Amino acid sequence: MSLAVRRAVPRPGRGLARSARTGEPGAMGLVRPMGKVVRILLPAACSLALLAQGSEWIQGHYLKRECMVPMRDGTELFTAIYSPRFSGPCPILVKRTPYGVAPYGRESFPEDLGPSPGFAEKKFIFVYQDVRGRGMSRGEFVDMTPQRPKHSGPFDTDESTDAYDTVQWLLDHVRGHNGKVGLWGASYPGFYAAAGLIDAHPAVVACSPQAPTMDWFTGDDFHRNGALWLPHFFDFIAWFGLPRPKPTTNARPAGFNYGTDDGYAFYLALGPLANVNARYFHGKISFWNEVMAHGTRDAFWKARDLRPHLRDIRPAVLLVGGWFDAENLFGSLEAFKALASQSPATPLTLVMGPWYHGAWSYDSGRRLGKVDFGSSTSDFYRKTVELPFFMHHLKGAPDPELPRALLFQTGANRWERFDAWPPRSVRTARMYFQPGWGLSQLPPRESGGADEFVSDPADPVPFWEGTDLEMPVEYMTADQRFASARRDVLTYRSEPLKVDLTVAGPIRVHLDVSTTGTDADWVVKVIDEHPDAGDPLPGYQQLVRGEVMRGKFRNSLEFPEPFTPGQPTVVAWSLNDVFHTFRKGHRLTVQVQSSWFPMMDRNPQVFTDIYRARAEDFKPAKHRLNHSAGLPSSLELPVLEPGE
């Protein structure tokens, strides 16, 4: 599969950056600079393009059917079925998607079949289905369809019942199957795969939700702890959210024409979020309207959280995610946590690689931006994990004997196996912010004091060194030296490490802060700072993990609270998990800031419903980070000792 690439426009005084995007993403669409689609086949993608069988090979080895499959309430879903021409009984592999099942037409065939190259030649019956209200299917589309607690009658439908009904129909109407079914999907299709696990059809014996969407308000795709991931949501919903008056084979309408390549300037000129409808959407994008009407984690968002329903799951599950997935890292980790705690008997494996969104399927996984991982990590996963998993459960091939967690250790650049995640042997090490921009395990002095900065919504901190209209995948490992130079970014550095430091699990942030406003965002970035000499990336400040807490949600995502101006207040939360080794001679560096633009929407720094804020609500505020003995700020690191 080719990668869609946006060439980013450098901000004044900053270097040129580039963003790579995939052709069938989860919540992100094709990159469209100035309303056009630019496709550049990158070297990593070239190797995979050669691995794909090609449409002529697929047509020569598979027969295609297109069917309307009825659900229990009578709604018919468009389904494309590819069956091997010459084979004995084969298992069925099902992908349900809101992105269309192109190419449509019985004589049109895709370049490849299955989750990744290598599946087509192993002879599965591949099934692709448009979910309700998308593509050529009938019915009404509902974003992140709420899961019903029980199903009392034929009209109590959700994605789990649609998956069940689809499997039953396939067993009854498709010849040549062996009675075993697998489910898979990545990103939004990963949500549908995960939903298919709930009260699964008895024939479903294996499922691989990959970067599955779990909770769109807390940490997946469009929000991070209540802060809106603005360009990501805007660009996606501008095409995905368009009304579909009737079934169509054009499942991918043209994207939004920004008229510029400078995302920073575009979103700054946009002003308050209310201007999106006033200038561009004009009330026609229903899900944008729904999001703007639900600015807290209320019943609307709770109903779209799949995690509570992942109980008593019978099929074997292969959960897949990327440490540098800017979209659904949260979903992969949270689905694993939910299954491990709520369904302990489920055969379950978590695989996490050094990947951006979807890279495990169509990239080599050798590098991201300037960071090299030392090997083709995606090739390893596809050949030794994904295909053997399905071959074992669906075809009776040898058991690949996967562990509970198979994780790539960044920094050390190696795969590790664990019987639990986080590892049972981790210990907590606390790193305190120090006066003089230090970071150490020593508690601060009583007179440790504080550092201050002014956060101005009219001049927010860029989220990376270039400009981009969307979310370049490279930002997750990008050099942060550009941010260190700003007065509204506080940077704290440890001494050069005397031994390797491996962090394995979620990092807990504890900030003691105050502000002259009544709301503030708190962004914490954990950085691996390379030494200035003797390193392939001298002085490079590699982002390892960065997250935000919208201050008004510090105690509850459902019930926001204002800050009292000038009053010291604790803001504490956990960053998404990491598995990273800070090598000897490197520094552990942390940056604290209150904007991350335009990736994160601006906070007016006044306690209000930001989705309804007016231009005059956005005001500068002075923020204070305390680091004294009585008011300490720190990070809690889950440290894995060598050899454990």
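The values are calculated or read from the model by the stated rules, or taken from the named source; none is laboratory data. Quick caveat: nothing in here was measured; it's all calculated off a predicted structure. Glycine also receives a Cβ, built like all others from the backbone with ideal geometry; neighbour counts cover every protein chain displayed. Ligands, DNA and RNA are excluded from the accessible area calculation, which covers all protein heavy atoms including side chains. Shrake-Rupley method; radii C 1.70, N 1.55, O 1.52, S 1.80 Å.
Could you give the C-alpha radius of gyration of the chain expressed as a fraction of 2.2 N^0.38 Å, taking N as the number of residues it contains? Show your work: numbers first, answer last.
Details: Rg = 24.4 Å, N = 644, 2.2 N^0.38 = 25.7 Å.
After normalising by residue count via 2.2 N^0.38 Å, the value is 0.95.
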**OP:** Enumerate the calculated ³J(HN,Hα) couplings along the range 101-110 in order (Karplus 6.51 cos²θ - 1.76 cosθ + 1.60, θ = phi - 60°), each rounded to whole Hz, writing x wherever the residue is Gly or Pro.
**Re:** 10, 4, x, 7, x, 5, 9, 9, 10, x
Subject >> Accessible area of the range 84-178 divided out per residue, in Å², using a probe of 1.4 angstrom >> reply: 42
**OP:** At 20 °C and 1.002 mPa s, grab the translational diffusion coefficient of the range 347-456 from Stokes-Einstein with a Kirkwood Rh over Cα pairs, rounded to a whole number in µm² per second.
**Re:** 122
Subject >> Spin-label pair Arg148/His173, simplified geometry with 7 Å Cα→Cβ offset, distance in nm >> reply: 2.1
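Rolling a 1.4 Å sphere over the protein heavy atoms, what is the accessible area per residue of the range 541-644, to the nearest Å²? Intermediate values should be presented prior to the final figure.
Values: 3540 Å² over 104 residues.
Accessible area per residue: 34 Å².
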Original post:
Hey, any idea what % of the range 439-483's accessible area is carbon plus sulfur with a 1.4 Å probe?
Top reply: 49
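Pop out the carbon and sulfur fraction of the accessible area of the range 119-166 as a percent, whole number, probe 1.4 Å.
Here carbon and sulfur together make up 50 percent of the probe-accessible area.
Could you tell me what percent of the DSSP beta bridges with both partners in the chain are antiparallel, to the nearest 5? It would help to have the intermediate numbers written out before the result.
Details: 88 of 119 bridges.
Looking only at bridges with both residues in the chain, the antiparallel portion is about 75 percent.
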Original post:
So how tilted is helix 230-240 from the main axis of the chain? Cα-based, degrees 0 to 90, rounded to 10.
Top reply: 20
**OP:** State the Cα centre-to-centre distance between the range 107-167 and the range 468-492 in whole Å.
**Re:** 39
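Can you sort Val426, Val639 by 1.4 Å-probe accessible area, starting with the largest? Intermediate results must be reported in sequence, preceding the final value.
Numbers: Val426 45, Val639 5 Å².
Ranked list, largest accessible area first: Val426, Val639.
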Original post:
How far, in degrees from 0 to 90, does helix 329-342 lean away from the longest principal axis of the Cα atoms of the chain, to the nearest 10?
Top reply: 70
**OP:** Heavy atoms only, probe 1.4 angstrom, no DNA, RNA or ligands counted: give me Ser556, Ser574 ranked by accessible area, highest first.
**Re:** Ser574, Ser556
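Give the carbon-plus-sulfur fraction of the accessible surface of the range 585-644 in %, rounded to a whole number; probe 1.4 Å, heavy atoms of protein chains only.
Numbers: 1010 of 2020 Å².
Result for the range 585-644: 50 percent of the exposed heavy-atom area is carbon or sulfur.
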Subject >> Principal semi-axes in Å for the range 430-479 [√(5λ), Cα gyration tensor, largest first] >> reply: 32, 17, 7
Original post:
Relative contact order, percent, of the chain when contacts are C-alpha pairs under 8 Å separated by at least 6 residues?
Top reply: 15
Original post:
Can you work out ³J(HN,Hα) from phi for every residue in the range 596-602, in order, using Karplus 6.51 cos²θ - 1.76 cosθ + 1.60 and θ = phi - 60°, giving whole Hz and x for Gly and Pro?
Top reply: 7, 10, x, 3, 10, 5, 6
Original post:
For the range 346-503, with every protein chain kept in place, what is the accessible area per residue (1.4 Å probe, Å²)?
Top reply: 41
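Using +1 on the beta carbon of Lys and Arg, -1 on that of Asp and Glu, and nothing else charged, what's the dipole of the chain about the Cα centre, debye to 20? Write out the running numbers ahead of the final one.
Working: 71 positive and 71 negative charges, 137 e Å.
Dipole size: approximately 660 debye.
Over 20 Å between Cα atoms, which of Lys64/Lys95; Lys302/Lys525; Lys246/Lys302; Lys150/Lys302; Lys123/Lys395; Lys284/Lys619 qualify? Kindly include the intermediate steps, with their values, before the conclusion.
Working: Lys64/Lys95 15 Å; Lys302/Lys525 28 Å; Lys246/Lys302 30 Å; Lys150/Lys302 16 Å; Lys123/Lys395 10 Å; Lys284/Lys619 31 Å.
The answer is Lys302/Lys525; Lys246/Lys302; Lys284/Lys619.
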Subject >> Amide H within-cut-off set for Ala450, under 5 Å, with H built and near neighbours excluded >> reply: His627
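Expressed as a rounded percentage, what relative contact order does the range 576-644 have, with Cα pairs under 8 Å and six or more residues apart? Can you show the working numbers first?
Values: 21 pairs, mean separation 10.5, N = 69.
That works out to 15 percent.
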Original post:
So how exposed is His232, as accessible area in Å² (1.4 Å probe, rounded to 10)?
Top reply: 10
